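Here is the structure we will look at.
The numbers here are math on the coordinates, done by the rules we state, and not lab data. Keep in mind that this is a model prediction, so the values were computed, not measured. Here Cβ is always computed from backbone atoms with ideal geometry, including for glycine, and neighbour counts include all displayed protein chains.
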Amino acid sequence: ATILLLHGPNLNLIGRREPEIYGKITLASINQELQSAAQAAGHQLLHLQSNSEHELIERIHQAGHEGVDFILFNPAAFTHTSIALRDALLAVAIPFIELHLSNVHQREAFRQQSFFSDIALGVICGFGAGSYRLALAAALETLASSHP
Ligand code: DQA
């Protein structure tokens, strides 16, 4: 299957950005690790980070045309603001997992609202880079049970 890993705004800076919250690992190493893990399980993993809502929406539309089977999405600050990204995911109807490095429920009140959680297959947050590994593991399990 084809899995698309999407990262929202400012995630290009992780490793350097507020490391006490987001950890020291870089986005490039997360991408690389997930790509090899997906490949080892017989799948293909594509990835995109964008600081622009527009580009993320276009990528989700394209995923619909390409036949992407599953999306792993850290919408970052767009989690709390973007009805447009929510609508894009509803439009393509590709199953997705919402994930966050930090435990958003432990933080400011405005981070506790998500435009994605109620339409996601599931939500993983609070494990730093581990959130990405756990989200991929959940995706692989879901894919295995849908194509036995
Ligand atoms: C984040 C949490 C968001 O609230 C924040 O805006 C981010 C990153 C996370 O991965 O913990 O940029 O999605």
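Things worth noting here:
- Computed over the range 15-64, the convex hull of the alpha-carbon atoms projects to a mean area of 4.5 nm².
- Karplus-derived HN-Hα couplings along the range 37-43 (A = 6.51, B = -1.76, C = 1.60, θ = phi - 60°), whole Hz, x at Gly and Pro: 5, 5, 4, 4, 8, x, 10
- Each label was represented as a point 7 Å from its Cα along the Cα-to-Cβ direction; for Ile119 and His54 these points are 2.1 nm apart.
- Long-range HN-HN contacts of Gly122 with modeled amide H, under 5 Å: Glu98
- Think of each Lys and Arg Cβ as +1 and each Asp and Glu Cβ as -1; about the Cα centre, that makes the dipole of the range 1-137 roughly 340 debye.
- Karplus 3J(HN,Hα) series, Hz, for the range 13-19 with 6.51 cos²θ - 1.76 cosθ + 1.60 (x for Gly, Pro): 8, 5, x, 10, 7, 5, x
- With all projection directions averaged, the alpha carbon convex hull of the chain covers 7.9 nm².
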